[in-house]
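A.B. asks: Structure below; questions to follow.
The values are calculated or read from the model by the stated rules, or taken from the named source; none is laboratory data. This is a predicted model, so every value here is computed, not measured. Here the Cβ is made from the backbone with ideal geometry for all residues, glycine too, and neighbour counts use every protein chain on show.
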Amino acid sequence: MSTESRVDRWERRAEWPLTVAALLFLIAYAWPILDPELPSGVRHALGLVAWAAWALFAVDYVVRLALATNRGKFFFRNIFDLLVVALPLLRPLRLLRLVTLLHVLNRHAGGSLRGRVVVYVAGAASLILFVASLAILDAERGREGANIESFGDALWWALTTVTTVGYGDRFPVTGTGRAIAAGLMLSGIALIGVVTATFASWLIEKVQEVEDAAQTATRRDIEALTEQVAELRRALQSTAARQ
């Protein structure tokens, strides 16, 4: 059995455990942010859950690195995974593992590529909005000059930012908050591109359906006219033969 196949097998086996870890991390990460008055005992327990989830992600990275045939190539191709594990600033990005759950929804999206794209885009957009709202609230709340002090403020800011509207009534004042804003802006541009492409695909498909229907009707009319001409020709030939 090849080393690469062992990597693939590990990734398949680790997919759902890491998804569960991401769900637990989401709870441990979101709860203290949404409830600042959380008792210290609960906050400590959630911290342990977050550390346990981090440990699973770290183990996953180390195992994949150990199983890789070319570790240097693996390192550079998966440097983002390393940064997400190593840097506290990027810890909310571990929640992107939850995109795995979209496979379940994808089963009900139909067989078309567009249907699958819609499911993934809607799920990813919702996840990005929620995570960005939590991250910006955690970074901004209580800071001097901050104007994002509640989850409602954070969600409104995330929505206007990801859609590239940017009203400017809510904005980050910390370096961490601005870094989150930059990442969300780039995500918004990408999401808008995917949505636009999906809509264009749908529009082209509808136009094609109309054209196909028109061509089918025209083909039937031509076939009917051809049959009528053939009948007239046979009638004329029959009349000429009797004469």
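A.B. asks: With respect to residue 63, is the statement that it is in contact with a Phe, Trp or Tyr (Cβ under 8 Å, 6 or more places away or on another chain) and either surrounded by 17 or more Cβ atoms within 10 Å (Cβ to Cβ) or at pLDDT 85 or above (or both) true?
C.D. replies: yes
A.B. asks: Now for a separate question. Only one of these conditions is not met by residue 36: (1) assigned to a loop (DSSP other than H, G, I, E, B); (2) farther than 30 Å from residue 142 by Cα. Which number is it?
C.D. replies: (2)
A.B. asks: Checking the structure you have, find out if any residue of region 166-178 is surrounded by 15 or more Cβ atoms within 10 Å (Cβ to Cβ), aliphatic (A, V, I, L, M) and more than 19 Å from residue 29 (Cα to Cα).
C.D. replies: No, that holds for no residue.
A.B. asks: So which pairs qualify, if the first residue must be in region 62-89 and closer than 14 Å to residue 10 by Cβ and in contact (Cβ under 8 Å) with a residue 24 or more places away in the chain, the second must be in a helix (DSSP H, G or I) and of a type in the set (A, V, I, L, M), the Cβ gap must be under 9 Å, and the two must be at least 6 apart or on different chains?
C.D. replies: Note: pairs meeting the criteria are 63/7; 63/14; 64/7; 64/14; 67/7; 68/7; 69/7.
A.B. asks: Go through region 129-158 and give me each residue that's surrounded by fewer than 16 Cβ atoms within 10 Å (Cβ to Cβ) and part of a helix (DSSP H, G or I).
C.D. replies: 152
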